[in-house]
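**Student:** One structure, pasted below without further comment.
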Amino acid sequence: MTLRLTERAETVARQPVSRRRWLGKGATSAVATAVLIVVLGLIFQACSALGLWSEADVPAPSTVLAEFGRLLGTGEFWGDLGRTALEVLLSIVFGCTLGLFAGVLFWKLPRVGRAFEPYLVSFYAVPLVLFYPVMIVLVGINASSVVILASVMAMIPMALNTTVGLNGIPPVYLKLARSVGAGPRRILFSIALPAAGPFVLAGLRMGVVYSLIGAIAMEFTTAQAGLGYRIRYLYETFESEQMFGYIFAVLVLSCVITLSLQGVERVLSTGGRR
Amino acid sequence: MTVHAPNRGGMPKRLLDNQFVGGLALFIVVILAWQLCSSLTFVIPAPVRTLEVLGANLTDASYIFDLRVTAQSVFQAFLIGTLLGGLIGLGLGLSERARLWFEPLLVILNGIPKIVLYPVLLPLFGLIGAKVAMGVLFALFPVLINVATGVREMPRVYWKLASAVQANPWQKLIYVILPAIRRPLLAGLRLAVSLSVVGVVLSEFFATRRGLGRVVLQSYNHGDYPVMVATVVLLIAVAFVISILLWRWEKRLR
Amino acid sequence: MKPSGIEMSEVSVRFDTPDGAVHAVESVTEHVPDGSFVSVVGPSGCGKSTLLAVISGLQRPSSGAVAIGGKTVTGPDPSIGVVFQEDSTLPWRTVEDNVRFAMQCNGVGKGEQRSRAREAIELVGLAGFENAYPTTLSGGMRQRVALARTLAVEPEVVLMDEPFAALDQQTRIFLGAEVRRIWERTGQTVVFVTHDLSEAILLSQQVWVMSYRPGRILEVVGVDLPAQRDPAIVSSHEFNELHNRIWSVLQAESMRGFQQQEAARA
């Protein structure tokens, strides 16, 4: 049997069906999302004003926004952001490159792919974060321990998606390639990778998201710099307002990343054609 | 599993065709690598030593209590997360409007590092509730997304059939929708199991009185690496085994 | 005299399956004259596609050999063009780039690629669609793209493996006529596999009837119809006579194949 799992949970956006929204629907969704966010914010604000929870525990959205604005002017914030960004960027580059290679390898050597499949499928759900304490014992509390684990986390969806995509290439493409005498390199670059393109892109998108999630989660548990670390630090020193400013910053960051990835994916998968 | 051509490849090659054998070989390689690493640095206990520590831990009443606390939270998180995810997913799958309105927000929510929400959950749900809530947040999305896509991609003829035999909504759900989406549903459940473990244990790293996450962090702080590694290995092994079993089941489904 | 055409000698192909060996092709010794149009018909599951794969060099025969123009086929070769049953257009390339793909693999110069691609696109009647993507084309048009890709390499032999099987009846008849017209112009040797008997008779000079496993050539029937064929010929007496004659053989074979498959499933 070849690798043929369908990690539907994580690969929804690659379905052309859901991507082929015409403008009307896209606009509806955009407006709806904006409205929902504003409404949720207002509800939160109202609850805070009514005193449903203490302002010291969870500050009102207006306070958080103001704090976020203030943070943008501090060097500390940009330092933490830079650290996290560097870690995430490095893990994306390492993780996705390795994942792509691994995916091609598993496709070329189905036996190896089959042996790895159960592990990849299970670690997909990332109990890997739990390795973090082990990792810092080994490498020390520094960026490289975060980068290593976040890279592995990014690598897994990339490898899996690439393999699934490559194994799903219509057999006739490979027959065609053979019949016109295409060499292995041409088969890989002109047939296999373009044919698996949507899957590779989805893998890339998930790799980026996973490395962000992984990096922040690890900073959060134990690290000495970065956005995740700062949140934990502020929590432990009871600086609630500032902490929520940081939490908001992380939300904004991941939101921006998710949206821009979807944009990039849409352009790459449809913009080239038509 | 497929039956292989009788005269292809020698004995070892044919054995490696078997996924179980291949996976086992890989497992052994990993264990050997672990053994090698442990001989290079004192901070990693050898596999055998880890097993001993694990065995000792499992006879320790206090450790068992931590284990039970974590297991309970994971179970609750999994249950609530799956139910909630299934219901929301069903709604999104059935209603195009609901999808247009809520899907982008859910996609964005799925992309955030949920652990940073812990300080928000803590005052809202309390110490015990917060880690369950975190587990729910982790477990929710795979089920939700898989159910929504599964329902949306159901062959149209099933709907026609259901209407033709005049099935009521409940019958549609039980006899048509659930069987039709059983594969993506099971895949979602599989991810939800591991993710609820991750969510709960990560929360326990952060602030809790009991639980295996706390054991890991405490042993890390005390430099008691064998206990730390043994606990991490236990958690990963449990999540892994459940995930593999569900995965095999999923593959066998027609 | 220089050997010409396609020469098959004692070609056999056996597959090992869990239920024992399958003799897809069994000692086929036939000759396709240079420049002729031969159709192979047979019940589904007989080795007609396998036989074609052997001629194309994509499948190695278990025993026996195929020679084209006196040269033994050892693997795929630019002188052999194949059109597949499945849609083989690459969706990320335009029509023109799809047609150029085979030439790129064979090291044809850039300028030459362009002119030959245009010519082939024109020949299959797709002029004006050079920059379209396959996803915007109908199934019939995509098969024309595949045909143009094959023709652009200017092979000596064109092998077609049920190229119109996935198309509707009207498109099939129409594309069949196109293929015949193109063949009349290029004079290439064509082997055309189909399960549609009318199509086979309408297009070719010779119809080979293949048996269900083991796949042998049961009969070679010369199609003695005028070279100028329009689809109206199907109602002629000669056509019907040929059709009935081949059908009587084919029907028995199909029945046998059907029964064997049912028995294997039981």
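**Student:** Apply the Karplus parameterisation 6.51 cos²θ - 1.76 cosθ + 1.60, with θ equal to phi minus 60°, to every residue of the range C:139-152 and state each ³J(HN,Hα) to the nearest whole Hz, in sequence, with x for glycine and proline.
**Tutor:** For the range C:139-152, the Karplus-derived couplings read x, x, 5, 5, 5, 5, 4, 4, 5, 4, 4, 5, 5, 4 Hz, x marking Gly and Pro.
**Student:** Set Lys and Arg Cβ to +1 and Asp and Glu Cβ to -1, take the dipole of chain A about its Cα centre, and tell me which of A:PRO194, A:LEU52, A:LEU89 lies farthest positive.
**Tutor:** Of the options given, the answer is A:PRO194.
**Student:** To continue, here is another question. Under 5 Å between amide H atoms, partner at least 5 residues away or on a different chain: which partners does C:GLN206 have, H built in plane at 1.01 Å?
**Tutor:** For C:GLN206, the qualifying residues are C:PHE37, C:SER39, C:VAL223.
**Student:** Keeping all protein chains in place, calculate the accessible area per residue for the range A:55-273 (probe 1.4 angstrom), answer in Å².
**Tutor:** 38
**Student:** Taking the 0 to 90 degree range and rounding to the nearest ten, how far is the long axis of helix C:95-105 tilted relative to the main principal axis of chain C, both from C-alpha atoms?
**Tutor:** Here the helix axis deviates by roughly 70 degrees.
**Student:** How many nm is it between the label spots at A:LEU50 and B:HIS222, if each spot is 7 Å from the Cα in line with the beta carbon?
**Tutor:** 4.6
**Student:** Principal axis extents for the range C:119-266, Cα atoms only, whole Å, descending order, please.
**Tutor:** 50, 41, 29
**Student:** Please compute the Kirkwood hydrodynamic radius over chain C, one decimal place, Å, based on all pairs of different Cα atoms.
**Tutor:** 19.2
**Student:** Using the basic label-point model (7 angstrom from Cα toward the beta carbon), what is the B:ILE244 to B:CYS37 distance in nanometres?
**Tutor:** So the two model labels end up 1.8 nm from each other.
**Student:** As I understand it, the dipole of chain B uses +1 on the Cβ of Lys and Arg and -1 on the Cβ of Asp and Glu, about the Cα centre. Which of B:PHE75, B:PHE20, B:ILE128 lies farthest toward its positive end?
**Tutor:** Value computed over the given set: B:PHE20.
**Student:** Using only the alpha-carbon atoms, how far is helix C:237-265 inclined from the longest principal axis of chain C? Give it as 0 to 90 degrees, nearest 10.
**Tutor:** Orientation of helix C:237-265: about 70 degrees from the principal axis.
**Student:** Give the interface area between chains C and A as buried accessible surface, both sides summed, probe 1.4 Å, in Å² to the nearest 100.
**Tutor:** 1800
**Student:** May I pose another question? Work out from phi, with θ = phi - 60° and the Karplus expression 6.51 cos²θ - 1.76 cosθ + 1.60, the ³J(HN,Hα) of each residue of the range C:44-51, listed in order in whole Hz, and give x for Gly and Pro.
**Tutor:** Here the 3J(HN,Hα) series is 5, x, 7, x, 5, 5, 5, 4 Hz.
**Student:** Say R0 is 56 Å: what FRET efficiency, to the nearest 0.05, do B:PHE20 and A:LYS25 get from their beta-carbon distance?
**Tutor:** 0.75
**Student:** About the Cα centre, and with charges only on the beta carbon of Lys, Arg (+1) and Asp, Glu (-1), how big is the dipole of the protein assembly as shown? Nearest 20 debye, please.
**Tutor:** Here the protein assembly as shown has a charge dipole of around 480 debye.
**Student:** Taking chain C as a Gaussian network, where each spring joins two C-alpha atoms under 10 Å apart, which residue of C:ARG185, C:ARG118, C:ARG93 fluctuates the most?
**Tutor:** C:ARG185
**Student:** Please give the residues from the range A:239-256 for which the solvent-accessible area of heavy atoms, probe 1.4 Å, is smaller by at least 40 Å² with all protein chains in place than with the chain isolated.
**Tutor:** So the qualifying set is A:ILE247, A:LEU251.
**Student:** Something else: When a/c reaches 1.5 or more, the comparison of a/b and b/c decides; with that in mind, is the range C:6-130 rounded, prolate or oblate per its Cα gyration tensor?
**Tutor:** Here the range C:6-130 falls in the prolate category.
**Student:** Taking the 0 to 90 degree range and rounding to the nearest ten, how far is the long axis of helix C:110-123 tilted relative to the main principal axis of chain C, both from C-alpha atoms?
**Tutor:** 60
**Student:** I want to verify a result. In a Gaussian network model of chain A, Cα cutoff 10 Å, which of these has the top mean-square fluctuation: A:THR222, A:THR163, A:THR74?
**Tutor:** Largest GNM mean-square fluctuation: A:THR74.
**Student:** Expressed as a fraction of 2.2 N^0.38 Å, the rule-of-thumb size for a compact globular protein of N residues, what is the C-alpha radius of gyration of the protein assembly as shown?
**Tutor:** Ratio of Rg to 2.2 N^0.38 Å for the protein assembly as shown: 1.15.
**Student:** Rounded to a whole number of µm²/s, how large is the Stokes-Einstein D of the range B:45-252 at 25 °C and 0.890 mPa s, given Rh as the Kirkwood radius over C-alpha pairs?
**Tutor:** 131
**Student:** Show me the helices of chain A, taken as full DSSP H stretches, that run 30 Å or more along their long axis by Cα and average -0.5 or above in Kyte-Doolittle hydropathy.
**Tutor:** Span-like helices here: A:23-50, A:75-108, A:143-167, A:197-221, A:240-266.
**Student:** In Å², nearest 100, what accessible area do chains B and A bury in total when the solvent probe is 1.4 Å?
**Tutor:** 6300
**Student:** Average partner chain C-beta neighbours within 10 Å, per residue of A:103-113?
**Tutor:** Mean partner shielding for this stretch: 1.
**Student:** I'd like the residues of the range B:189-230 whose 1.4 Å-probe accessible area shrinks by no less than 20 Å² going from the isolated chain to the full set of protein chains.
**Tutor:** B:ARG190, B:LEU191, B:SER194, B:LEU195, B:VAL198, B:LEU202, B:PHE205, B:PHE206, B:LEU217, B:TYR220, B:MET228
**Student:** On to the next question. Counting other C-beta atoms within 10 Å, and keeping those with at most 11, which DSSP coil chymotrypsin sites (Phe, Trp or Tyr not before Pro) do you find in the range A:212-274?
**Tutor:** Answer by residue number: A:PHE238.
**Student:** To continue, here is another question. Hey, with R₀ at 45 Å, roughly what FRET efficiency would B:ARG252 and C:ASP168 work out to, going by the Cβ-Cβ distance, to 0.05?
**Tutor:** So, using R0 = 45 Å, E works out to roughly 0.75.
**Student:** A further question on this structure: Calculate the FRET efficiency for C:GLU219 and B:LEU178 from the Cβ-Cβ distance with a Förster distance of 41 Å, rounded to the nearest 0.05.
**Tutor:** 0.15
**Student:** Also, I was wondering about something else. Rounded to the nearest 100 Å², what is the buried accessible area between C and B, both sides summed, probe 1.4 Å?
**Tutor:** About 200 Å² of accessible surface is lost on pairing.
**Student:** May I pose another question? Of the heavy-atom accessible surface of the protein assembly as shown (probe 1.4 angstrom), what whole percent is carbon and sulfur?
**Tutor:** 64
**Student:** Exceeding 31 Å between C-alpha atoms, which entries from my cross-link table qualify? They are B:LYS114/B:LYS172; A:LYS25/B:LYS131; A:LYS175/C:LYS71.
**Tutor:** B:LYS114/B:LYS172; A:LYS25/B:LYS131
**Student:** OK, next. How much accessible area per residue does chain B have, counting only protein heavy atoms and a probe of 1.4 Å, in square angstrom?
**Tutor:** Using a 1.4 Å probe on heavy atoms only, each residue of chain B averages 50 Å².
**Student:** Something else now. For the range B:94-212, give the magnitude of the charge dipole about the Cα centre (Cβ charges: +1 Lys/Arg, -1 Asp/Glu; no others), in debye to the nearest 20.
**Tutor:** Computed charge dipole of the range B:94-212: roughly 220 debye.
**Student:** Can you give the convex hull volume per residue for the Cα atoms of chain A, as a whole number of Å³?
**Tutor:** Looking at chain A, the number lands at 158 Å³ per residue.
**Student:** Moving to a separate point now. Would you look at the GNM of chain A, springs on alpha carbons closer than 10 Å, and say which of A:ALA202, A:ALA102, A:ALA182 moves the most?
**Tutor:** Of A:ALA202, A:ALA102, A:ALA182, the most mobile in the Gaussian network model is A:ALA182.
**Student:** C:VAL73: net charge of surrounding residues, Cβ under 13 Å, Lys/Arg +1, Asp/Glu -1, itself excluded?
**Tutor:** Charge balance near C:VAL73 sits at -1.
The values are calculated or read from the model by the stated rules, or taken from the named source; none is laboratory data. On a predicted model such as this, the values are computed, not experimentally measured, just so you know. Reconstructed Cβ throughout: ideal geometry from the backbone, glycine too, with neighbour counts over all protein chains shown. Note: areas computed on protein heavy atoms with side chains; ligands, DNA, RNA excluded. Shrake-Rupley method; radii C 1.70, N 1.55, O 1.52, S 1.80 Å.
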